[in-house]
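The values are calculated or read from the model by the stated rules, or taken from the named source; none is laboratory data. Computed from a predicted model, the values in this text were never measured in an experiment. Every residue, glycine as well, gets a Cβ built from its backbone with ideal geometry; the counts of neighbours run over all protein chains shown. Each accessible area value is taken on the protein alone, full model and side chains, heavy atoms only, with ligands, DNA and RNA left out. Shrake-Rupley method; radii C 1.70, N 1.55, O 1.52, S 1.80 Å.
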Amino acid sequence: VLWNDIEWPDFSKREGEYSLPALFDYYYKEVPHGVVNDRWGKETHSDYETSEYQYMADSENAAAWENCRGIGLSFGYNQVESEQHSLNTESALRHFLDIVSRGGNFLLNVGPTASGEIPEIQKKVLMGLGDWMAINSGAVYATRAIKEIPATDTPWVRWAKKGNSVFAYIDAEGSVEFIAPASLVNDKKATIFGGSAI
């Protein structure tokens with residue numbers, strides 16, 4: 001992945017040896033299956049589009065897109081950031097699954113200290129996401145968005161599919177009722193992922 005941020009410098013938006021087109025030519029020769037993001041300037045090439053932190057429909061309607069954000073509000077290490085400025089495992093997971101359910105990729109940034117340590121607040125979130133994915137990754141990797149089923153916030157439910165399987169990501173406690181179209185979901189065969197019947 002050739003990932004740029006804050007646009008390409010104007011002095012390189014020209015023809016010639018050190019131009020942006022020359023950089024792309026060199027990159028694709030060296031990495032034929034590589035991809036380039038959209039943060040080079042409005043009129044330049046990109047293989048996928050990006051949004052940052054929140055939902056940005058103009059970037060997220062592309063065939064391929066990615067949402068990027070930090071665990072906190074800074075992309076680098078910020079010693080004054082506390083838990084109130086940061087995602088916790090639950091909110092990071094909800095953000096991630098919302099993106100997956102809409103067909104996007106998720107790029108989660110951490111900001112190491114000057115000594116290369118991941119701050120404890122960020123480490124807890126990464127470990128929590130890792131623990132969840134160790135159990136549930138089969139319901140995430142290689143899934144696709146399902147346009148026919150709308151997301152709901154009460155209860156919080158997001159949908160994705162892989163082959164003939166349909167996945168509902170549900171963030172709720174206790175007894176939960178939600179609508180699932182009979183054309184896509186067979187409630188007699190539905191199970192908790194990797195577990196018992198519902």
- Query: Can you give the accessible area per residue of the stretch 40-198, in Å², using a 1.4 Å probe?
  - Reply: 63 Å²
- Message: Going 7 Å from the Cα of SER19 along its beta-carbon direction, which residues of the stretch 42-76 have the amide nitrogen within less than 20 Å of the resulting point?
- Response: 42-47
- On the accessible surface of the chain, probed at 1.4 Å, how many percent belong to carbon and sulfur atoms? 54 percent
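What does the C-alpha gyration tensor say about the overall shape of the stretch 39-198? Classify as rounded when a/c is under 1.5, otherwise prolate if a/b is larger than b/c, or oblate. Intermediate values should be presented prior to the final figure.
Working: a/c = 2.28, a/b = 1.40, b/c = 1.63.
It is oblate, given that a/c is not under 1.5 and a/b is not larger than b/c.
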- Length gained, THR44-LEU184, 0.36 nm per residue minus C-alpha separation, equals 46.4 nm
- Message: Could you sort the peptides 32-41, 170-179 by per-residue average Cβ neighbour count (10 Å cutoff), highest mean leading?
- Response: 32-41, 170-179
- Message: Testing the spin-label approximation: label points 7 Å from Cα along Cα→Cβ at SER91 and ASN78. State their distance in nm.
- Response: 1.2 nm
- Note on the structure: Note: PHE193 to ALA64 extended length (0.36 nm per residue) minus current alpha-carbon separation gives 43.8 nm
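Could you calculate the FRET efficiency of ALA172 with TYR28 from 1/(1 + (r/R0)^6), where r is the beta carbon distance between them and R0 is 45 Å, rounded to 0.05? Please list the in-between numbers first.
On the way: r = 46 Å, r/R0 = 1.02.
Rounded to the nearest 0.05, the efficiency is 0.50.
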- Estimated distance in nm for a label pair at ASP131 and LEU107, the labels positioned 7 Å out from Cα along Cα-to-Cβ: 2.9 nm
